[in-house]
Amino acid sequence: MSRSSGRRALRALLCVVAASLAAPAVAPAADAPAGPKKFVFAGACHSIDPALVSGPDDERVVLACFEGLTTIDPVTGEVKPGAATSWTTSPDGKTWTFTLRDAKWQKKFGEGFEDKGSVKASDFVFAWLRLFDPALASPHVHLLDVLDGVKPLSTDKPRADALDRIVTDLIAAIGGEDKKKTMSPDEVQTFLLDRDRNVRGWLGELDAKEAREFVKWPANQPYQGPRAMALVKVLRAAHDAAKAASDDAESHVGVDRGFWAQDDKTFVVRTKGVSPWLPTLVARAPLAPVNQRVVESKRDWAFTKAENQICNGRFVAASDFRPRGEGADSSGDRFAIKVTLLKNAKHHDAARTAADRITILVDNGADEVLRQYAGGEVDWILTAGITLDVERQIRASTAAGWKADPKVGAQRYFQGTAADAYDFVSGRVKVLRFRGAAPLDKKDARVAVASLVARAELAKRAPGVGTPTLVTRFVHPRTTGSIELPRTPSFDAGKAKALYGKRRFPEGDWARILCDPADDQVADAFGKAWKTLGDDAATTVLNRVDLQVSIDAGLWDVYIHDWAPDYDDPLAFLDPFTTKNPAGDCAWSHPLYDALVAGARDVAAFKASPDAAAAAVPAIKDALGRGDLEGLRRALLAEAEAILLEEAIVVPLWIPVDSGFVAKGVRGLPVGPTTGKRSVLDVVQFPFAVKE
């Protein structure tokens, strides 16, 4: 899954669109005049490689250039055909067969375009397998864990590589298997704290006492050579098991397991459980196809040089993109110098694509965005691309009043004399998430800390100017198949100190609260509340790259961030927190929770052989008695979410608000007042926008 940080960039990208009028997806007035149109927007983009998208702005641009099996209507949330014209499902609901349309890869050539061969099912196989390439380091490596037999590629393969390195380094640290010298306390801590090696992260997943002992080794004690060799024996066994699992998966995934090409126009996907949500997953940008021949031959230049850009979407990239690793700013992010997108006239739905040309440039800062917007040069601003102060300045300069729609999933929008500012209730949930490891492995301690969460007060420190929607539920209310909880946990702040007891962290140690720069004020306020329990709490603000390193290494106790679902189903929120699921980065384990989620994955199998503890839950027992599979799934999911909240592993805070500004006269952009149901996977797209 993908967890969105919602970071507020201090730089923006300006996209200049010269468009000829066409029928946008969000239909304009019937009498819209013909002729050339101009459309400009400010946002951000870090990569146009589908495997490397890092947020909604990236996904927006990638989905313009690369079309996945399905697409999601930006207003109604409905799943529609994309590269696939149709799909069928097996009787057990686990095997999906997609029939591809007759489409061609397109490349800019001179003043026109050049066909570069048919889009084949093998292009999807290749693109999906790329996610598991350790050299690529895709942030979406776990996105396909929900498929049958795929997880060893995302989990066991990197585990085998990591354990092999740890064993080699540990043997070297003790002078070899024969010498077995003792490591000094400083050597032990240096070994454990090496972020590249990530010993605590990898060994923390193992059940062996030797591994648990080493990751918690006291800072003032040496580590004897014989003890190290006992650990080496354990690690070698774990490595061999992981290697066997990953080797087996590499032989089958993409061939006859998980996903495969039945022929050039038939792509098959097999999930672990019943998967009515799969069409929403395959619409995601990381699962779009890429041209295998070009990517294999051009490698790092496949998505950076104009002559290598081959696309199947509504647009074709036609200019250079800055190579990864060049020109990083202080936050660790990389930006394009310039990207030009040209309308793909051979796209199957080209008649509805409004823009003829999109040019993306790095601007000179937020002040320049404001100047261009005020001067009528920019027609759409996504406020992730400007500072909060500038956003407030723009809003203060407008003249009319706010109109509100109270429904969650609708928007609060501004009709101004010069602009329409809007607040869109996102599909993400801001959460405070516990790792669940000692000393917060006890429920009472987590509940005590969670009792101090004052959502309304913390929300005042939330990024953005829109008012977030406070929530006590983790599963987003726009999620298809949303459920009603059998009970809603409530924590009493007055009992927090009694529940917490004496300080939990050793003298000189403290609770580690991780967040990205957007949530630093929220984290600081929460940390101050935590200190009232008698423990110290420190906030660490990191860029997205360092955040992931710290999370993987287990160097956190609480993480404040946006949870973005990978697909439109309650399981996208609940499944990652099952025992040892790497997608959740969680040390917590709860057997009943695991049984409930497993049952929701495959209700028919659960009905045939129900878990005894889960079947004893009244609502589940009732659904089993009635033979109501749909009701059974709802009951399983509801009980699982209730447990997750009662255990205070996840504390939902609010649904973030995405803000923006749309100039008057812009048509076809799915912001402002809308009708219908928005998908919880809300990426506001631009291919249908025009400016009068």
Kirkwood hydrodynamic radius over Cα pairs of region 171-287, then Stokes diffusion coefficient at 10 °C and 1.306 mPa s, in µm²/s: 89
Residue-span extension gain [S86 to R257] - 0.36 nm each, minus C-alpha spacing: 59.4 nm
Peptides 639-652, 193-206, 210-223 ordered by average Cβ neighbours within 10 Å, highest first: 639-652, 193-206, 210-223
Burial ranking of peptide ranges 486-499, 574-587 (average Cβ count within 10 Å, highest at the top): 574-587, 486-499
At R0 = 35 Å, FRET efficiency that the Cβ-Cβ distance of A345 and A244 yields, to 0.05: 0.10
Flagged links, alpha-carbon separation over 28 Å, of K443/K607; K157/K305; K305/K346: K443/K607; K157/K305
For region 493-635: relative contact order, % (alpha-carbon pairs under 8 angstrom, 6 or more apart): 16
Nitroxide proxy distance, nm - points 7 Å out along Cα→Cβ at T97 and T532: 6.2
Amide H contacts of G258 (H built 1.01 Å from N, under 5 Å, at least 5 apart or other chain): D148, R270
Straight-distance crosslink candidates among lysines, where the alpha carbon sits under 17 Å from K181 and sequence neighbours closer than 8 are dropped: K233
Extension gain from L629 to K664, taking 0.36 nm per residue of separation minus the Cα-Cα distance: 7.7 nm
R0 of 56 Å, Cβ-Cβ distance K460-T266: FRET efficiency to nearest 0.05: 0.55
Pairs beyond 30 Å (Cα-Cα), from K151/K298; K151/K621; K80/K272; K460/K497: K151/K621
Mean Cβ count within 10 Å, highest first, over the residues of peptides 247-254, 267-274: 267-274, 247-254
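A short reminder: the numbers here are calculations on the coordinates, not readings from a lab. Just so you know, these numbers come straight off a predicted model, no measurement behind them. All Cβ positions, even for glycine, are placed from backbone atoms using ideal geometry, and neighbour counts span all protein chains on display.
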